[in-house]
Every structure is written in structure tokens, then in C-alpha cells.
Amino acid sequence: MRASRMNIVTLRETPADAEIVSHQLLIRSGFIYKSGSGLYIYGPMMQRVLNKVRAIVTQEITTAGGMEITMPIMQEQGLWESSGRWEEYQATRTMLTVTDRGGQTFGLAPTAEEVVTDYAGHLINSHKQLPVCYFQQHTKFRDEIRPRFGLMRVKEFVMMDAYSFHASDESLSETYEEMRQAYHRIFERCGLQALEVEADSGSIGGSGSHEFMIAADSGEDTILFNRDSAYAANVERAVGVISAAAAWTWSSDLVEVETPDQGGIADVVTFLGEKGYAGIAADRMLKTVLFTAESTEGTHTVAACVRGDRDVNDVKLSNAIGRQLPEGVTVLGLESMNEATVRQVTGAEPGFAGPLASLAVDICIADETLEEIGPLVTGGNKTDMHIAGFDLQRDGRDGIIFEDILTYQAGDACPRGGGELSERRGIEAGHIFKLGTKYSAAMGATFTNESNKQQPLTMGCYGIGSSRVLAAAVEQYHDDNGMQWPMNIAPYHCVVVAARKDDEGKQVAEDIYKELLASGVEVILDERKLGPGVKFKDWDLMGIPLRLVIGRGWDNGTVECKARVDGTPQDLSRDEAIAWVQAACK
RNA sequence: CGGACCAUAGCUCAGUCUGGUAGAGCGCUACGCUGGGGGUGUAGAGGCCGCAAGUUCGAAUCUUGUUGGUCCGACCA
């Protein structure tokens, strides 16, 4: 391609609303253009990168046994009602909808379990047809409340989604493993370092799932991991072992302590310390956090208890609440309880809640690490009053459920033994789920098994945010001058910069360009009438991996060869330069 | 959905407090000079100051409303 025909428009200044580096560089380089909030045009260069990622994904998923199909973006409401997810996705406002002239409402694909389950259910009648796996790479929609971070969080994006169907859990596990391997190959071929972590399965549901995280400080997810034991999990799901609470000698009698205006944990600890309660620390406090949970059945008041120095894990809590509700009832959302309701359920000002008989909530869940700990200090459900010497087993209200609802953190011990957990940020680029029969059972997608019985299809589903992978690649590979695309997904392999004014110099650049082109190299000839500095800045910004310059070196018959990544320029002869490029982009 | 902020040239922003001729840098156009890291000279084009009402002799500037956007939180395969 000739640069003079590429309409290259690069920005010197960073747009005001671009916070993270991938957003800044993609905008400045002209790779993307904001069409609206959370809506982006992929320019010609970006499209080429996307095409390459898509090609790699298609190849690897096909190798893993997937068959590519295309499903509609518009999905009938009835399909979603048959799985029971319509209400959930409307209530959580995850799904965008459109209505036609007849008044029929459609969802804009946030994912396609319902559509594909309906499809497979009609095509698959016998266990002899199994297993089977379909996939597509198509536009997906999310009703993002707040799009941000450029391509990271948008309303419309490209995602590969694959769905496998099985006669047994064993078969599902085999395919799940094949897909897991395929994911690793995909990220490797894209030149990305991805970390596989245990994950929460969220609103998709199912029995097990892993996420593929691309490590980046700007990532929105937190990963806890330990290299020695190879444990890695999303903090939403991660478990660990917390250090024991510091010793605290107490007569174990229940004592009410006046704590005027001491609502927070830290306040109470300081206050009690001054009052002579020696050795009391935050880990001897029992923190009671109050929530209001919305479910398909109604509103529930919830108390969640954790050790005073730790935090409640919302995701785990939400799952735990779901297990307390009747079959088929789904938790839609979890909110901090408003102050008026707090006063109602505790009979006190906010800050003095405790899991006593006087706590009038529908559900009370205590973290499992509190089962064996005591005595503690907790709120007394009276304004300005705490209770010391509290033992949850002995003094707690009836019906307390013990579950893991703790947010683990760096420094906690690894659950697989050995050392401490470390923490890093990651971008969720892929997610695989063992769905089981959640959708097939609800939608009546069954097959005849070997015993001549109808059985719901066992399913797995697998997603890769293709467009998010692009942003993650920029996050992972860039420097002060711009992007650094890995060769396999770079929009072009090489740019030939014509930096001489004389006719011979121009002709040499032209000839080298044509020769590279003919040998299958994806190459750009920059013959624009611009100073060389401008050209260098442009291509560094756009991150083309290889650069040849026909400039002052040509006086001695040499061409400057430089790799975008940590390359020191080297002067080679014309033919050597061509060979250098051909070798580098193999 | 709570809280904060912004809207002036294609982009980044001054000007608003204290009402009185519409500004800068970058980008763009033309013509030179120049060529190894966004070079330079001259001459230009480009704005209903988001929109609507109000106050005023007079509004980018003050008031109210409205619409879009941004940030923090909540939410989120």
C-alpha cells in the first residue's frame, strides 16, 4: 500500500477523554474513531488487525473441533423467556432491545446461548450426533451504563462465541480441555501473555469456568496468584487462608459497651483501646455489612458478616444469597442498604449492626472464617452501643449461614499451600464455562440417549472478546513513541520510508517495495512529500514492526533496517535488507 | 441510579469570577525554503461560544431549563 493513498491522519495531542494508554494511542494513530459514547469506528489499519485476530481465532477453534456459523444479532424475546433469562437481563439492564412496528421486542445479542440451544435442540436427536461445537465471530451488544477506557468497555464489540453440546459430563470435560488448549494457542499466536485463572461464572451460570486474563495495570479485574503452586483466580472467586486473629484475652462474658459516635471499625478499635480494652484490633471486630438484594421474587434484606479487618466479596455474597432462595429464583442485584432501611432492621443508626437476635434481616450470612473465632466485638443494634465477648456460634441470631464471602487479598496464604498470594491487574479477554444443562433443560433441548431416554444436552460455552484483545495488545506492547504490534497481528509487517529527494533514491524505494510486495510481505511504501521526521513519528506511533529507510545511507548503497521493538538500526545492502524483512516476518 | 464537573475553531484549551471588537497552540489551504525524529517563512480559510427561554441598552460571560459528554461510586460474559 502506498502511504500517499492511505489518508493517514495522526494526532499530536492526546484526546481529553482518553485515560488509558491503548485508548490514547489508538485514537492518536487514527486506528479508531469515536462515533458515539462506547461506539467506535475501526479505521483501515485497525480493521486489518481485527481481521488477523479473527483469522487466528477461527483457525484454532476450528482445529479444536468448532464449526463456524452466523447467528442473528436480533434475538426474539420468547427465546430468552424460555430460558428464564429475559427478566434477569432486563432487570440488570445488560441487554439492549429494539421493537419492530408490530410491537414485538427483540434483544440485541449480548451472547447467544438461547439461540444456539434452540438450534442444536432441533438438529440433535441422538447421542450418535454428539459431541458437536458451533462458533461464530459476530457483533455483540451490552447496555453499558458507563462506557469507558476506549475499546475496553463499549456498547458494541466483536466477540467469538462457541457452544459445545454433549451427551455426558466426561465429553464436556474433554471438549472444555481442548478449548482451553486452543485459547492458549490463540493468545500465544497473537503474541500476548495471557493468564488462565479460575473465575466466577456470573450470569451465564454453570459449574465451572476459567477466564483468560491479559496482564495489564489498567485491567479492571484483580487476579490473585501464586507461582509456586500455579494457583490463579479472579478475586471474585479466589480463596485463600487468612492469618489467625491476634490473641485477645477476654472473660467471654457478653458485655455491652457504650461507644458514642463510633460507627466505623477503626473508630471503635481506637476508642476501645483508649478505654483500656487491651489488645483489641480490627481482626477482633465482627463487621456486619447490610445489603438489599433484588431477586426475581422480590426484595430481600441481607446481613453479611466478615472479620473486621476484611471486606465482603459482593460476587460470592450474591451467589450465596442465590443458594438461599428457592430453585429458579435469581439474584438480580445487590445494593448497599439505604440508611432508612438500616434503621428499620437494626433499630439503630448506621454503624452499630450486629448479628444478634434483634437484627431483623431476611438472610444473614457469615463468612466461614468466623465459625471458629471468638470472642469478638460487634455492633449491638443500638445506637452508640457495641457488644464485647461476642461468640457467633453461641450468641448469634438464629439461621446464620456460614459461607465463603470473604475478599481475599495479597498476603493471604495460597489455598494450595506454600507461600503467599500475590495480586495483579488483568484484562478479561476470554472466558470458558461448563454450563451443564441449565439452558437445554429449561428450553427442552433434549436427545435420545443410549437407553432410549430423553436427556437434556450437556453444554459448554466459550468466549473471546476479539476487539478487546486488540486493546489489550496495545496495553501490553507500547512505548513512549507509540504502539508495538506483535508481528502476527500487526496491520502491516513493514514500511519502506522513501527519505531521499533524488530520483534514484525514490526509485530504489519503489523497487524494494515492489519486491517485498511480490514476495508476500505486507508492506507500505511511504512516498509522501513530508520530512523524514514526520514519517518516522507516524510509523512509530502506528507500531509497524519493521522499517526500511532509503535515505542518506544510500550514498554508500545501504538501506537502514530497524525493528520497532528495541531495534538498533543497521545498515544493509539492498538485497540484504529485503532478506532481513522476509526472514523477520516469516 | 447517587455525587462532582465540562460544553468556545477540526483537536487541546484560554476568555466566564468582575457583561461591552471571538483568542492561542496544534491541524488545514496556497506559495517558497528545507530534509534523519512532528523543520521553517509569508499569506490565508475556519466559530449562532451545545440548545432554549429569561435578566440587561448590551450576554460566550449572569439566571433557569434542557440535551450531550467526562470523572468517582454503584453496576457489568
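The values are calculated or read from the model by the stated rules, or taken from the named source; none is laboratory data. What you are looking at is a predicted structure, and each value in this text was computed from that prediction instead of being measured. Methodologically, a virtual Cβ is constructed for each residue, glycine included, from the backbone with ideal geometry; neighbour enumeration extends over all protein chains shown.
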- Query: How many of the residues in the stretch A:1-17 are more than 8 Å from RNA strand B (Cβ to nearest atom) and either modelled with pLDDT under 90 or exposed (fewer than 12 other Cβ atoms within 10 Å of the Cβ) (or both)?
  - Reply: 2
- Query: From A:LEU517, A:LEU541, which residue is of a type outside the set (S, T, N, Q), part of a helix (DSSP H, G or I) and either at pLDDT below 95 or under 17 Å from A:LYS586 (Cα atoms) (or both)?
  - Reply: A:LEU517
- Search result, residues across the stretch A:26-57 that are surrounded by 19 or more Cβ atoms within 10 Å (Cβ to Cβ), of a type in the set (Phe, Trp, Tyr) and outside any loop (DSSP other than H, G, I, E, B): A:TYR40, A:TYR42
- Quick one: is A:LEU517 touching a Phe, Trp or Tyr at 6+ places or on another chain (Cβ under 8 Å), closer than 25 Å to A:ASN51 by Cβ and away from RNA strand B (no atom under 11 Å from the Cβ)? no
- Note on the structure: Scanning the stretch A:114-149 for residues that are touching a helix residue (DSSP H, G or I) at 6+ places or on another chain (Cβ under 8 Å) and of a type in the set (D, E, K, R), the one nearest to RNA strand B (Cβ to nearest atom) turns out to be A:GLU114
- Note on the structure: the stretch A:228-310: strands (runs of 3 or more DSSP E) wholly inside it with 1 or more residues that are under 23 Å from A:PRO355 (Cα atoms) are A:255-258, A:286-295, A:298-307
- A:ASP479 vs (1) charged (D, E, K, R); (2) within 16 Å of RNA strand B (Cβ to nearest atom); (3) under 22 Å from the mean Cα position of the chain (by Cα): all pass except (3)
- Filter the strands (runs of 3 or more DSSP E) completely within the stretch A:362-452 down to those with at least 2 residues that are within 30 Å of A:LEU470 (Cα to Cα). A:422-436
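Yes/no matrix, rows are residues, columns are (1) in the same structural domain as A:SER173 (by TED's automatic domain parsing); (2) touching a Cys at 6+ places or on another chain (Cβ under 7 Å); (3) more than 16 Å from RNA strand B (Cβ to nearest atom); (4) modelled with pLDDT of 90 or more:
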{"position": "A:ASP367", "(1), (2), (3), (4)": "no, yes, yes, yes"}
{"position": "A:THR383", "(1), (2), (3), (4)": "no, no, yes, no"}
{"position": "A:ALA388", "(1), (2), (3), (4)": "no, no, yes, no"}
{"position": "A:ASP395", "(1), (2), (3), (4)": "no, no, yes, no"}
{"position": "A:GLN409", "(1), (2), (3), (4)": "no, no, no, yes"}
{"position": "A:GLY430", "(1), (2), (3), (4)": "yes, no, no, yes"}
{"position": "A:PHE433", "(1), (2), (3), (4)": "yes, yes, no, yes"}
{"position": "A:ALA441", "(1), (2), (3), (4)": "yes, no, yes, yes"}
- Query: Does A:ALA490 meet the test of being within 11 Å of RNA strand B (Cβ to nearest atom) and within 30 Å of A:ILE32 (Cα to Cα)?
  - Reply: no
- Query: Any residue in the stretch A:460-470 that is within 30 Å of A:SER4 (Cα to Cα), in a strand (DSSP E or B), within 16 Å of RNA strand B (Cβ to nearest atom) and at pLDDT 95 or above?
  - Reply: no
- Item | Where a residue in the stretch A:255-271 is within 20 Å of A:VAL289 (Cβ to Cβ) and its partner, wherever it lies, is among the aromatic types (Phe, Trp, Tyr) and part of a helix (DSSP H, G or I), with Cβ under 6 Å and at least six apart | A:THR259/A:PHE271; A:GLN262/A:PHE271
- Query: Does the stretch A:60-82 contain at least one residue that is within 14 Å of RNA strand B (Cβ to nearest atom), more than 20 Å from A:GLY191 (Cβ to Cβ) and either polar (S, T, N, Q) or assigned by TED's automatic domain parsing to the domain that holds A:MET542 (or both)?
  - Reply: no
- Could you list all residues from the stretch A:237-267 that are closer than 16 Å to A:VAL312 by Cα and at pLDDT below 85? A:GLY264, A:ILE265
- Message: Return the residues of the stretch A:532-557 that are crowded, with 19+ Cβ neighbours inside 10 Å, more than 8 Å from RNA strand B (Cβ to nearest atom) and farther than 18 Å from A:MET45 by Cα; say none if nothing qualifies.
- Response: A:LEU548
- Query: Within the stretch A:168-222, can you find the residues that are of a type in the set (S, T, N, Q), in a loop (DSSP other than H, G, I, E, B) and within 23 Å of A:CYS414 (Cα to Cα)?
  - Reply: A:GLN193, A:SER201, A:SER207
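The rows are residues; the columns are (1) closer than 23 Å to A:SER201 by Cβ; (2) in contact (Cβ under 8 Å) with a residue 60 or more places away in the chain; (3) surrounded by fewer than 23 Cβ atoms within 10 Å (Cβ to Cβ).
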site: A:PHE390; (1), (2), (3): no, yes, no
site: A:ALA410; (1), (2), (3): no, yes, yes
site: A:PRO415; (1), (2), (3): yes, yes, yes
site: A:LEU421; (1), (2), (3): yes, yes, no
site: A:ARG425; (1), (2), (3): yes, yes, yes
site: A:ALA429; (1), (2), (3): yes, yes, no
- Pairs under 9 Å by beta carbon, first residue without any contact (Cβ under 8 Å) to a residue 24 or more places away in the chain in the stretch A:65-78, partner buried (at least 17 other Cβ atoms within 10 Å of the Cβ), six or more apart or different chains? A:GLY78/A:TRP86
- Message: Looking for something within 8 Å of RNA strand B (Cβ to nearest atom), in contact with a helix residue (DSSP H, G or I) (Cβ under 8 Å, 6 or more places away or on another chain) and not in a helix (DSSP H, G or I) - is there at least one such residue anywhere in the stretch A:560-581?
- Response: yes
